[in-house]
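**Student:** Okay, handing you the structure first.
The values are calculated or read from the model by the stated rules, or taken from the named source; none is laboratory data. For clarity, every value in this text was computed on a predicted model and none was experimentally measured. Here the Cβ positions follow ideal geometry from the backbone for every residue, glycine too, while neighbour counts run over all protein chains shown. Heavy atoms of the whole protein, side chains included, go into the accessibility calculation; ligands, DNA and RNA do not. Shrake-Rupley method; radii C 1.70, N 1.55, O 1.52, S 1.80 Å.
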Amino acid sequence: MSGPNTDYDPVEVTPLKADQVEAMREAALAAIAAAPDLDALKQVRIDHAGDRSPIALANREIGALPPQARKDAGQRIGQARGAINQALAARQVVLEAEHEERMLAEETVDVSLPTTRRRPGGRHPITLQSELIADLFVAMGYEVAEGPVVEAEWLNFDALNLGPDHPARTMQDTFWTEPADHHVVLRTQTSPVQARTMLTRKPPIYVVCPGRVFRTDEYDATHSPMFHQVEGLVVDEGITMAHLKGTLDHFASQLFGDGITTRFRPSYFPFTEPSAEVDVKCFVCRGVESDACRTCRGEGWIEWGGCGVVNPRVLVACGVDPEVYSGFAFGMGIDRSFMFRHNLEDLRPLFEGDVRFSSAFGTEI
Ligand SMILES: [Zn+2]
């Protein structure tokens, strides 16, 4: 019969020796401290605290010890594992903070960098307004006519009954091209397009001509040396001022809203007789004449343009028989219509090409 195994010294079970446990602890703490990032720390956790780590394997050996030896070994292993887990948790907190900081730094958006995104273009509000007006007249059976902006003096003035002594022909108003004896100007009105139309075709004529015109005005909030006009011309049998009034009332209601009509004030233009200034009823206060209305300044009406029955002398100059035909003509500023339509105090943004301005009035690609 064998006696109790008194020679067995549990301290001699290799993995449970104090120096071995200490070595495992040191190795684990060193690896934790050296882990550069969260992925590395994850691997360190598996290697030094996982189910197959040296310390876990040593822990299993405790069961093989006689009861009196288990306590010491258990305490030793428990303390070592506690220290390792604590170090892992602390390192985890540090690395997570570093990770977050790095992400914030790397993902910072530099709003001053140029973008590769392409902005959709903004069509110019005057182009849109011109097309809208042209469309209104095309719907009434008119044609859209165009002409050159560099024009013969005769077509710009003489054909339209502006004689050589007319003030508009002086150097203050008109841009003349060099040499002066070629009698070529930058057109001061779109009316030469009407003369060209009458000279090249027979009535009935129903045309509308939107376009650029030039005058030697100072460039300020309400003047520009280049601006836009739209003119209309009708030449047919039996045309009267009543047709003109009806046409402009329709034009005004289409452009400014239902119920917006026009009124005529007697005036003088060389190429029409009789002639009238056209006012349009204020589309904001609708003609109530309230002092509070900024758009019409309490007038109830807004100056819009000029019109009249085509002067027979103009018809003759353009080869149309005034005994058979009569006609009417009208003209208004497109920029001006646009300004009061949108309550714009200064016309300069219309000519300065800033797409941020244009975009506000409708962007198309
Ligand atoms: Zn008003």
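**Student:** Give, as residue ranges, the helices (runs of 4 or more DSSP H) completely inside the stretch 1-92 that count at least 2 residues that are under 30 Å from Met103 (Cα atoms) and modelled with pLDDT of 90 or more.
**Tutor:** Counting at least 2 such residues, we get 18-34, 38-49.
**Student:** Just checking, which of Ala134, Ala152, Ala139 is without any contact (Cβ under 8 Å) to a residue 12 or more places away in the chain and either assigned by TED's automatic domain parsing to the domain that holds Arg215 or of a type in the set (D, E, K, R) (or both)?
**Tutor:** None of the other options fit; the residue is Ala139.
**Student:** May I ask you to list pairs of residues, at least six apart or on different chains, whose Cβ atoms are under 6 Å apart, with the first in the stretch 220-232 being over 14 Å from Phe338 (Cβ atoms) and the second being acidic (Asp, Glu)?
**Tutor:** Filtered contacts from the stretch 220-232: Ala221/Asp346; His223/Asp217; Pro225/Asp217.
**Student:** Looking at Val235, Val193, which one is in contact (Cβ under 8 Å) with a residue 24 or more places away in the chain and under 27 Å from Arg348 (Cβ atoms)?
**Tutor:** Testing whether each residue is in contact (Cβ under 8 Å) with a residue 24 or more places away in the chain and under 27 Å from Arg348 (Cβ atoms) leaves just Val193.
**Student:** Something else now. Do you know which residues across the stretch 291-314 are in a loop (DSSP other than H, G, I, E, B) and either farther than 22 Å from Gln194 by Cβ or within 13 Å of the ligand (Cβ to nearest atom) (or both)?
**Tutor:** Once the filter is applied, which keeps residues that are in a loop (DSSP other than H, G, I, E, B) and either farther than 22 Å from Gln194 by Cβ or within 13 Å of the ligand (Cβ to nearest atom) (or both), the stretch 291-314 yields Asp291, Ala292, Cys293, Arg294, Thr295, Cys296, Arg297, Gly298, Glu299, Gly300.
**Student:** Could you say whether any residue in the stretch 209-219 is in contact (Cβ under 8 Å) with a residue 24 or more places away in the chain and over 23 Å from Phe157 (Cα atoms)?
**Tutor:** yes
**Student:** Looking only at the stretch 315-326, filter to residues that are assigned to a loop (DSSP other than H, G, I, E, B) and either near the ligand (Cβ under 8 Å from one of its atoms) or without any contact (Cβ under 8 Å) to a residue 40 or more places away in the chain (or both); which one of those is least open to solvent (accessible area, probe 1.4 Å)?
**Tutor:** Restricting to residues being assigned to a loop (DSSP other than H, G, I, E, B) and either near the ligand (Cβ under 8 Å from one of its atoms) or without any contact (Cβ under 8 Å) to a residue 40 or more places away in the chain (or both), the top hit is Pro322.
**Student:** So which residues in the stretch 109-132 are open to solvent by 100 Å² or more (accessible area, probe 1.4 Å) and not basic (Lys, Arg)?
**Tutor:** Across the stretch 109-132, the qualifying residues are Val109, Val111, Leu113, Pro114, Thr116.
**Student:** Looking at the stretch 269-290, which of its residues are touching a strand residue (DSSP E or B) at 6+ places or on another chain (Cβ under 9 Å), within 16 Å of the ligand (Cβ to nearest atom) and of a type in the set (Val, Ile, Thr)?
**Tutor:** Correct list: Val280 only.
Matching residues to (1) open to solvent by less than 70 Å² (accessible area, probe 1.4 Å); (2) at pLDDT 90 or above:
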residue: Val150; (1), (2): no, yes
residue: Thr197; (1), (2): yes, no
residue: Val213; (1), (2): yes, yes
residue: Thr216; (1), (2): yes, no
residue: Phe227; (1), (2): yes, yes
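**Student:** With respect to Leu255, is the statement that it is within 26 Å of Glu131 (Cβ to Cβ), touching a helix residue (DSSP H, G or I) at 6+ places or on another chain (Cβ under 9 Å) and more than 13 Å from the ligand (Cβ to nearest atom) true?
**Tutor:** yes
**Student:** Right, next: Any residue at all in the stretch 176-191 that's within 18 Å of Cys318 (Cβ to Cβ), of a type in the set (Lys, Arg) and open to solvent by less than 30 Å² (accessible area, probe 1.4 Å)?
**Tutor:** yes
**Student:** Within the stretch 234-249, is there a residue that is within 22 Å of Leu128 (Cα to Cα) and open to solvent by less than 30 Å² (accessible area, probe 1.4 Å)?
**Tutor:** Among the residues of the stretch 234-249, at least one is within 22 Å of Leu128 (Cα to Cα) and open to solvent by less than 30 Å² (accessible area, probe 1.4 Å), which makes the answer yes.
**Student:** Okay, moving on. Go through the stretch 72-88 and count every residue that is under 60 Å from the mean Cα position of the chain (by Cα) and either open to solvent by less than 30 Å² (accessible area, probe 1.4 Å) or more than 16 Å from Asp47 (Cβ to Cβ) (or both).
**Tutor:** Going through the stretch 72-88 one residue at a time, the tally reaches 3.
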